[in-house]
Amino acid sequence: MRQNYIGVYVVALAAGVLFFLLPNSFYMDLAIRTGINAIIVLGLNLLIGFAGQISMGHAGFIGIGAFASAILPTHFGWHPLAAMIAGCAAAGALAALLARPIFRLRGHYLAMATLGLGIIINIVLRNEVRFTGGPDGMPVPSFGLFGVDIDSDRSWYWIVSALLVVSVWASLNIINSPFGRALRALHGSEMAAQVVGVNVVRYKVAIFVMSAVFASIMGSITAHYVGFVSPGIADFGHSIELITMVVVGGMASVAGSVVGAVLLTALPQVLATFEGWETIAFGAILILCMIFMPRGLVPTLAARFGAFRK
Amino acid sequence: MSTQFLQFLLSGVTVGAIYALAALGFTIIYNASNVINFAQGEFIMLGGMLAVYFAGLGLPIPLAFLLAVLVPALVGFLMAKLTIVPIKTAETVALIIATIGASQVIRGAVQVWLGKASHGLPAFSGDTPLHLFGAVLMPQSLWVIGVSALIVAALWLFFNRSRAGKAVLATSFNRLAAELVGINTDWVLFISFAMSAGIGALGGILITPITLTSFDIGIMLGLKGFVAAVLGGLGSGLGAVVGGLIVGIIEAFGAGYLSSSYKDAIPFVLILFILFFIPRGLFGAKTADRV
């Protein structure tokens with residue numbers, strides 16, 4: 001079992017070394033955003049890859065966290081940490097409320113429900129101009145803890161790196177726990193899982209709530225790091241980007257989540273000068289992945305080379 | 001009945017007819033292949049954008065519209081051939097993702113090729129409004145409703161009276177049995193995608209004089225068509241039409257009486273309620289799980 005945790009050390013080491021290799025603030029920024037995406041994708045992959053449930057509105061939960069961190073301190077004078085926790089609670093509660101009835105259904109219906117929720121959240125953020133600034137967005141106060149303001153990119157780099165390492169560790173732990181085994185069982189066959197005593201609905205709700213909370217926390221972090229937030233963070237396109245990262249990196253693969261986030265956060269930088277081509281590239285990658293390596297990059301390569309399985 | 005009520009009802013039925021066409025597109029493909037085609041909205045967009053493009057080239061309007069239906073139908077055929085058939089796994093998630101990929105490719109290609117601007121078309125028979133019990137009815141609305149009704153009738157004939165339509169129905173009931181009696185089920189898949197795309201594109205052309213079109217309208221239209229299909233009960237043709245009209249009418253009343261800025265949210269609030277309380281939709285078949 002111990003060898004399964006190699007990933008934790010690899011990520012920690014990579015983050016430590018990378019810090020000294022980043023040539024300028026542009027790459028520093030890219031690295032931080034990659035880390036944030038990787039953490040969200042880890043949570044989403046637990047849901048899609050391990051439990052076999054698709055969420056097409058995950059950006060909505062990111063939006064809840066981001067705007068909780070923007071609105072509560074700005075309009076109501078909350079402490080940013082309290083605001084972040086309130087965002088988590090709201091995202092988690094909403095996920096739980098939605099999940100109970102929905103997870104009794106399957107496949108297309110869950111996609112529909114999560115998609116609907118994501119779109120509703122986005123529309124609310126665009127329309128409540130008084131609180132959210134509407135389509136233009138709003139500035140976010142800086143994050144401070146114990147009287148120290150976190151405002152430099154360097155501090156954010158270390159914070160995101162630390163969170164990433166913890167997330168990788170937590171994901172591996174979840175996968176290797178009875179909870180994780182139950183999730184994989186219900187992905188294989190729900191009926192069989194139920195027969196051997198897995199409470200299918202409860203597990204699905206739990207993992208959905210957990211991934212929503214992951215997303216909300218990272219929404220808060222993004223908001224504080226960027227110092228500005230707009231409803232675009234919660235739109236359908238962003239949800240699709242996150243699903244693409246899961247799919248390309250590898251469903252049900254912790255390493256795959258990180259690799260998918262790294263590749264697809266960097267890709268738009270390469271294509272940024274060609275508007276529209278970015279959309280085409282993302283779409284083509286999705287299709288090609290589904291045809292040629294439906295399990296994703298990391299599991300496909302791992303199977304080919306027989307090394308570090310799982 | 002107040003004039004205002006009638007006015008909202010008329011605009012609801014007009015836009016609902018387009019949702020119904022989109023929902024029929026979802027239904028046809030779902031029945032043939034069990035795939036939810038998230039690119040359906042892009043076909044609606046393609047219809048409108050291509051009609052504007054071909055008309056702009058100076059082609060006669062009927063020819064421009066014909067091309068704007070045939071090209072998307074070809075795109076639908078290619079999409080089935082290149083993205084759906086090659087995928088061997090039967091996992092819902094994989095197929096949903098592939099159609100999302102296809103929608104991104106289509107939307108991006110139109111953005112690159114035709115740009116981001118909004119375009120309109122002149123109304124087919126002028127802009128002189130008709131008056132109906134005090135409410136105003138644009139002639140274009142009659143076009144939308146009339147042509148949609150014709151399409152529904154044609155589809156009914158196709159599925160109930162033609163060999164090809166029966167082959168599609170047989171495939172949707174039992175793929176293996178259909179293959180056993182000599183039906184080419186790959187061909188059924190291609191026909192379904194091409195038909196859905198053509199129907200969606202026609203809807204896109206009809207609605208363009210009323211709502212304008214641009215490269216990104218497909219997302220919302222497609223999603224609302226999906227809502228309509230789920231509301232009616234996935235797989236039911238009658239359900240798709242009724243679902244489309246209900247979504248359109250409720251949206252129009254919501255926009256009129258409650259809040260126009262939350263217009264787009266209304267179908268999605270509606271669908272959450274539907275999924276909670278009547279998860280199989282209005283006309284959905286009861287199914288049992290095979291273990």
Just one listed residue, out of A:ILE150, A:ILE159, is away from every other protein chain (no Cβ under 14 Å), touching a strand residue (DSSP E or B) at 6+ places or on another chain (Cβ under 8 Å), surrounded by fewer than 20 Cβ atoms within 10 Å (Cβ to Cβ) and at pLDDT below 85, and it is A:ILE150
Counting only residues that are part of a helix (DSSP H, G or I) and within 9 Å of chain B (Cβ to nearest Cβ), how many does segment A:247-284 have? 9
Testing A:VAL198 on (1) outside any helix (DSSP H, G or I); (2) within 14 Å of another protein chain (Cβ to nearest Cβ), one condition comes back false. Which one is that? (2)
Is it the case that A:GLY144 is over 30 Å from B:PHE273 (Cβ atoms) and modelled with pLDDT under 90? yes
Residue in segment B:200-215 that is within 14 Å of chain A (Cβ to nearest Cβ) and either within 25 Å of A:LEU115 (Cα to Cα) or crowded, with 24+ Cβ neighbours inside 10 Å (or both) present: yes
For residues that are assigned to a loop (DSSP other than H, G, I, E, B), more than 10 Å from every other protein chain (Cβ to nearest Cβ) and more than 23 Å from A:ARG100 (Cα to Cα), tally how many sit in segment B:227-259. 2
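Each row is one residue, and each column tells you yes or no for (1) in contact with a Ser or Thr (Cβ under 6 Å, 6 or more places away or on another chain); (2) more than 25 Å from A:ALA111 (Cα to Cα).
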position	(1), (2)
A:VAL17	no, yes
A:ILE32	no, yes
A:ILE40	no, no
A:MET56	yes, no
A:GLY60	no, no
Go through the residues of segment A:88-101 one by one and say whether even a single one is surrounded by fewer than 18 Cβ atoms within 10 Å (Cβ to Cβ) and in contact with a His (Cβ under 7 Å, 6 or more places away or on another chain). no
Restricting attention to segment B:256-268, and to residues there that are surrounded by 15 or more Cβ atoms within 10 Å (Cβ to Cβ), more than 15 Å from B:LEU231 (Cα to Cα) and touching a residue at least 12 places away in the same chain (Cβ under 8 Å), which single residue is nearest to the chain's Cα centre (by Cα)? B:ASP264
Those helices (runs of 4 or more DSSP H) lying entirely in segment B:57-174 with at least 3 residues within 14 Å of chain A (Cβ to nearest Cβ) and modelled with pLDDT under 95: B:92-114
Only one of (1) under 20 Å from B:ALA149 (Cβ atoms); (2) at pLDDT 95 or above does not apply to B:THR27, and that is (2)
In segment B:188-226, which residues are farther than 16 Å from B:VAL35 by Cβ and either hydroxyl-bearing (Ser, Thr, Tyr) or free of Cβ contacts under 8 Å to residues at least 60 places away in the same chain (or both)? B:THR208, B:THR211, B:THR213, B:SER214
Restricting to segment A:27-83, give me the number of residues that are of a type in the set (S, T, N, Q), over 15 Å from the mean Cα position of the chain (by Cα) and over 14 Å from A:THR222 (Cβ atoms). 1
Any chance B:ILE271 is more than 9 Å from chain A (Cβ to nearest Cβ) and either over 27 Å from B:GLY165 (Cα atoms) or among the acidic types (Asp, Glu) (or both): no
Can you confirm whether segment B:128-151 contains a residue that is under 30 Å from A:MET251 (Cβ atoms), surrounded by 15 or more Cβ atoms within 10 Å (Cβ to Cβ) and out of contact with any His (no Cβ under 8 Å at 6 or more places or on another chain)? no
Can you confirm whether B:LEU223 is over 13 Å from the mean Cα position of the chain (by Cα), aliphatic (A, V, I, L, M) and at pLDDT below 90? no
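The values are calculated or read from the model by the stated rules, or taken from the named source; none is laboratory data. From a predicted model like this one, the values you see are computed outputs, not experimental measurements. Reconstructed Cβ throughout: ideal geometry from the backbone, glycine too, with neighbour counts over all protein chains shown.
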